[in-house]
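FYI, it's all coordinate maths here, none of it is from the lab. Just so it is clear, the model here is predicted, and its values are computed rather than measured. Neighbour counts run over all protein chains shown; Cβ positions are idealised from the backbone, glycine included.
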Amino acid sequence: MKKWEDKLPPRARERLAEIKITPEDRERIKGVERVKSLLSQFYQEKLTPEDLGEKLKDFGKESKEFLIKEAQTRLINSLGLQISSQDFKRRGKAILVLERLKSEGKHSSVKEEINLLGGLIKKCREEKDRVYEQLKKQVESNPELRIRKVRTESGEVIVQLSTEEAILSSPEWKEFISQQELACGSEFSKLVGKIKKML
């Protein structure tokens, strides 16, 4: 039976033969896999931010700061507008712990931007909660807002929705969410991009 490489077109086989993985590349690949494994443990709360820093400390000593940056970048990529406050604090702290491991870290600047990011997430969440509560009061004070006509094969049927279903399906809520995702998402992306450049 032929090896899978033998089934490739001649040009693809030539290109494959040209690719040489150096010992440095192998080390880098092993390092990235180690980072992924440690972050997996961190996300499962088997490691604290300090534990993660301790495990990655060797990378700084061995002049492998790119792996520390890799871990930080992966942590930043795991953030989002819907993240819980607790998870944001843990991941933000981990990013800062890792920043201290670098020979020329920008700890205070990165911390300032992470705080701005946390403030943005909190502001967006509070605004969402405020609008939700306003719509909830409207729906609770006007039971007609919970009634919807639904088309079926046999014709239209009137359905009574729960308060939450009425809110989430209302045009006002959909419009608000659409606008908020644009505004908050744009600001979030700018801050995340700024933090990544600092690393």
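For residue 78, the test of being without any contact (Cβ under 8 Å) to a residue 24 or more places away in the chain, of a type outside the set (D, E, K, R) and surrounded by fewer than 18 Cβ atoms within 10 Å (Cβ to Cβ) is failed.
What number of residues within region 5-58 satisfy the criterion of being surrounded by 11 or more Cβ atoms within 10 Å (Cβ to Cβ), outside any helix (DSSP H, G or I) and aliphatic (A, V, I, L, M)? So the answer is 2.
Taking first residues from region 31-42 that are under 14 Å from residue 90 (Cα atoms) and partners that are part of a helix (DSSP H, G or I) and acidic (Asp, Glu), the Cβ contacts under 9 Å between residues at least 6 apart in sequence or on separate chains come to 41/51; 42/51. Among the residues of region 37-50, is any within 19 Å of the chain's Cα centre (by Cα), closer than 16 Å to residue 199 by Cα and among the polar types (S, T, N, Q)? Looking through region 37-50, none of the residues is within 19 Å of the chain's Cα centre (by Cα), closer than 16 Å to residue 199 by Cα and among the polar types (S, T, N, Q). A count restricted to region 147-170 and to residues that are hydroxyl-bearing (Ser, Thr, Tyr) and surrounded by 11 or more Cβ atoms within 10 Å (Cβ to Cβ) stands at 3.
Does region 101-138 hold any residues that are among the β-branched types (Val, Ile, Thr) and more than 21 Å from the chain's Cα centre (by Cα), and which are they? Quick ask: steps written out before the conclusion?
If we filter region 101-138 for residues that are among the β-branched types (Val, Ile, Thr), which is where we start, we get 110, 114, 121, 131.
The answer is 131, and nothing else.
Would you mind listing the helices (runs of 4 or more DSSP H) fully within region 104-199 where at least 2 residues are in contact with a Cys (Cβ under 8 Å, 6 or more places away or on another chain)? So that I can check it myself, show each step before the final result.
Values: elements: 107-141, 163-168, 171-198.
Passing ranges, in order: 107-141, 171-198.
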